[in-house]
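Colleague: Provided herewith is a single structure, encoded as structure tokens, for subsequent inquiry.
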Amino acid sequence: MMMAYGLFVFSLSTTAYQELQRQTDWRHPSQSRVGARPARQFLGQGDDTITLTGTLLPEFTGGQRHLDELRRMANEGKAWPLIEGTGRNYGLFVIERLSERKAKFFRDGAAAQIDFDLTLQRVDDDDRERLAVLDAATLRLVRGMFP
């Protein structure tokens, strides 16, 4: 396991990513002053964004159904924990964006290569109304995808 987003597992056999990019912002708004540089005040943490970029080769690795599962999770608008295979817990994240590019097609139109970018945005841990809840249907779906 490379990483888990809720019950969705990123691994070599499902949706392996080749790059993880993290951008963390801090808020320092400025106030203009006469004859001096603007004054700045630290207001705290800003956005924390993680982007996973990868290439799927459906003949050998995961494929479209795994990206469809991420879209289903994004449509729910819920926050899920993001945990690295090393055990590092990044916190609760929502899916902000998923883009895919398909290339090298088979005769039936299926793509032999799918490149994807998944952008996750951290939410406050105390935002309970956005926290995902596992139900029986979700557990059955995940068990079916990852036997």
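Colleague: Amide H neighbours of Leu56 under 5 Å, counting only residues 5+ apart in sequence or on other chains, H built in-plane at 1.01 Å?
Modeller: Answer set, sorted by chain and number: Ile114, Asp115, Phe116.
Colleague: Explain nothing, just the number: dipole magnitude of the stretch 36-95 about its Cα centre with +1 on each Lys and Arg Cβ and -1 on each Asp and Glu Cβ, in debye rounded to the nearest 20.
Modeller: 300 debye
Colleague: Within a Cβ distance under 15 Å of Ile50, other residues only, what is the Lys/Arg minus Asp/Glu net charge?
Modeller: -3
Colleague: Can I ask one more? Step through the residues of the stretch 45-52 one at a time and calculate ³J(HN,Hα) from phi using the Karplus curve (6.51 cos²θ - 1.76 cosθ + 1.60, θ = phi - 60°), rounding each to whole Hz and writing x for Gly and Pro.
Modeller: 3J(HN,Hα) across the stretch 45-52, in whole Hz: 5, x, 6, 10, 10, 10, 10, 9.
Colleague: Okay, next question. With every protein chain kept in place and ligands, DNA and RNA left out, what is the accessible area per residue of the stretch 11-78? Probe 1.4 Å, answer in Å².
Modeller: The answer is 67 Å² per residue.
Colleague: Determine, from the Cβ-Cβ distance of Arg65 and Trp26 and an R0 of 41 Å, the FRET efficiency 1/(1 + (r/R0)^6), rounded to the nearest 0.05.
Modeller: Result of the calculation: an efficiency of 0.60.
Colleague: What's the center-to-center distance, using Cα atoms, between the stretch 80-97 and the stretch 1-66 in Å?
Modeller: Each part reduced to its Cα centre gives a spacing of 10 Å.
Colleague: Pull out the extension gain between Arg33 and Leu12, defined as 0.36 nm times the separation in residues minus the alpha carbon to alpha carbon distance; nm, one decimal.
Modeller: Length gained, Arg33 through Leu12: 2.1 nm.
Colleague: How much FRET efficiency would the formula 1/(1 + (r/R0)^6) give for Thr53 and Asp124, where r is the Cβ-Cβ distance and R0 is 22 Å, rounded to 0.05?
Modeller: 0.25
Colleague: Within the stretch 50-91, find all residues whose amide N lies under 15 Å from a label point positioned 7 Å from the Cα of Glu100 along Cα-to-beta-carbon.
Modeller: Residues 53-75 fall inside that zone.
Colleague: Another question, if that's okay. How big is the dipole moment of the stretch 1-73 about its Cα centre under a simple scheme where the beta carbon of each Lys and Arg is +1, that of each Asp and Glu is -1, and everything else is neutral? Debye, nearest 20, please.
Modeller: 520 debye
Colleague: Right, something else. Quote the charge dipole size of the stretch 16-126 about the Cα centre in Debye, to the nearest 20; the model charges only the Cβ of Lys and Arg (+1) and of Asp and Glu (-1).
Modeller: Magnitude of the dipole: close to 440 debye.
The values are calculated or read from the model by the stated rules, or taken from the named source; none is laboratory data. Keep in mind it's a predicted model, so treat the numbers as computed, not measured. Here the Cβ is made from the backbone with ideal geometry for all residues, glycine too, and neighbour counts use every protein chain on show. Note: accessible area is taken over every heavy atom of the protein model, side chains too, but ligands, DNA and RNA are not part of it. Shrake-Rupley method; radii C 1.70, N 1.55, O 1.52, S 1.80 Å.
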